[in-house]
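Trainee: One structure follows; several queries about it will come next.
Read the figures in this text as sums done on the coordinates, not as results from a lab. The structure displayed is predicted, hence computed values, not measured ones. So basically every Cβ, Gly included, is an ideal-geometry build from the backbone, and we count neighbours across all protein chains shown.
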Amino acid sequence: MERDKLGFLLGLVGVMCFSLTLPATSIAVAYFGTTVVGLGRTVIAAILVAIILIVRKEKLPSIRQFKSILIVALGAVLGFPLLTSWAMEFLPVSHGAVEVALLPLAAVHPHC
């Protein structure tokens, strides 16, 4: 039961941190510009992940896995932050919040 509570708490913290993404992006775009903010988020995340992978001594992905990772990276790591930053330059945060909230509904499950 304690592990479930910890998982719930960590999930809640993650959702709360993610909910601050659009307001922070909107503020940062005004000072740094769209490209710097969009790519800056990616670079910071990549550095943190690299440190974790090195510390844990994880093995490198296979070529097949790397191709899949590359496809995901183009959309989730480059596309989403850059397009979100661009949108926050022109739209209010509330519009972005609605779009991000509806994103999970856009995912098509292959078994449906």
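Trainee: Given the -39500 (n - 2.57) contribution per DSSP H run of 4+ residues, what per-residue ellipticity at 222 nm results for the chain, rounded to the nearest 500 deg cm²/dmol?
Mentor: After summing the helix terms and dividing by the residues of the chain, the value is -25500 deg cm²/dmol.
Trainee: I want the local charge near Ile69. Using Cβ-Cβ distances under 15 Å, sum +1 for each Lys or Arg and -1 for each Asp or Glu among the other residues.
Mentor: Net charge in that neighbourhood comes out at +2.
Trainee: Using packing as a proxy for protection, rank 85-97, 53-65 so that the peptide with the highest average count of other Cβ atoms within 10 Å comes first.
Mentor: 85-97, 53-65
Trainee: Around Ile51, under 13 Å between beta carbons, what's the net of Lys plus Arg minus Asp minus Glu among the other residues?
Mentor: It works out to a net charge of +1.
Trainee: Can you tell me the mean projection area, over all orientations, of the convex hull of the chain's alpha carbons? Units nm², please.
Mentor: Mean shadow area of the hull around the Cα atoms is 9.8 nm².
Trainee: Helices from the chain with mean Kyte-Doolittle at least 1.0 and a Cα length along the axis of 30 Å or more, per DSSP H: which?
Mentor: 34-56
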